[in-house]
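Visitor: Right, I'll just put the structure down here and ask away after.
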Amino acid sequence: MNNDKTNKVEILTSASPKRAVIYARVSTDEQAEHGYSLPSQTAACKRYAEQHGFTVVAEYEDDYTGASLDRPKFALVREMIRLGKVDVLIVYCADRLTRNLAHSLILRDEFERAGVERHYAMRGRAENTPENRMLENIEGVFAEYEREKIRERMTRASGKRLSTASLLAMAKFPMAIAARVTPFTSMNLKPRLCD
């Protein structure tokens with residue numbers, strides 16, 4: 001009987017490790033807002049792969065918005081999955097794949113059809129259960145909401161910078177250049193002292 005256990009262990013350990021692709025993504029806004037960095041995401045994914053015995057066959061990083069699926073490196077990840085070159089996709093967290101709920105549903109379906117496991121360095125494997133699908137749907141809603149809030153904050157900050165620049169432009173300085181611009185002609189510049 002002890003011999004049967006030994007044979008089972010040998011069979012389990014002799015199986016080749018699963019092939020994994022790591023994908024990391026930031027957008028300029030998100031990096032500024034949350035302090036994400038591509039190297040930290042990739043390092044966390046590598047640690048996760050090592051802890052779970054996966055062989056990392058490729059690593060890709062994008063500096064693109066999560067609102068679009070048209071990202072150069074992500075296209076390569078999807079192509080590897082489509083061609084059956086990987087068994088596992090590892091990302092730092094779900095919103096690194098996309099910040100669009102509709103896209104997250106499309107990607108989940110695409111990966112499940114290809115038989116590729118989704119793993120998140122921050123929470124583990126995405127199981128194919130009703131509970132996990134519900135959790136991923138909720139994460140997708142919040143990821144999209146956060147993207148919209150980031151955009152709103154950046155727009156507001158941009159407007160604030162613009163109004164500050166306008167105030168500086170209206171300030172009085174000892175010497176100023178008055179410009180009179182007429183349509184379809186060049187500017188006439190006349191230096192004058194300010195009051």
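Visitor: For segment 2-144, what's the relative contact order in percent, using C-alpha pairs closer than 8 Å and at least 6 residues apart?
Guide: Dividing the mean separation by the residue count of segment 2-144 yields 26 percent.
Visitor: Sticking with this structure for a sec: Show me the ranking of peptides 122-130, 92-100, 58-66 by mean Cβ neighbours inside 10 Å, starting with the highest.
Guide: My ranking of the peptides, most packed first, is 92-100, 58-66, 122-130.
Visitor: Just the number, please: Stokes-Einstein D of segment 2-144 in µm²/s, Kirkwood Rh from C-alpha pairs, 20 °C, 1.002 mPa s.
Guide: Approximately 135 µm²/s, per Stokes-Einstein.
Visitor: While we're looking at this one, here's another question. Taking H placed 1.01 Å from N in the peptide plane, check which residues at least 5 places from Ala67 or on another chain put their amide H under 5 Å from its amide H.
Guide: Amide H neighbours of Ala67: Arg99.
Visitor: Give me, ordered by chain and number, the residues 5 or more places off Asp62 or on other chains with an amide H under 5 Å from its own placed amide H.
Guide: Under 5 Å from the amide H of Asp62: Ala24, Arg25, Val26.
Every read-out reported here was derived from the displayed coordinates using simple, explicitly stated rules and does not represent laboratory data. Being a predicted model, the structure only gives us computed values, none of them experimental. Virtual Cβ from ideal backbone geometry, glycine too; neighbours counted across all protein chains shown.
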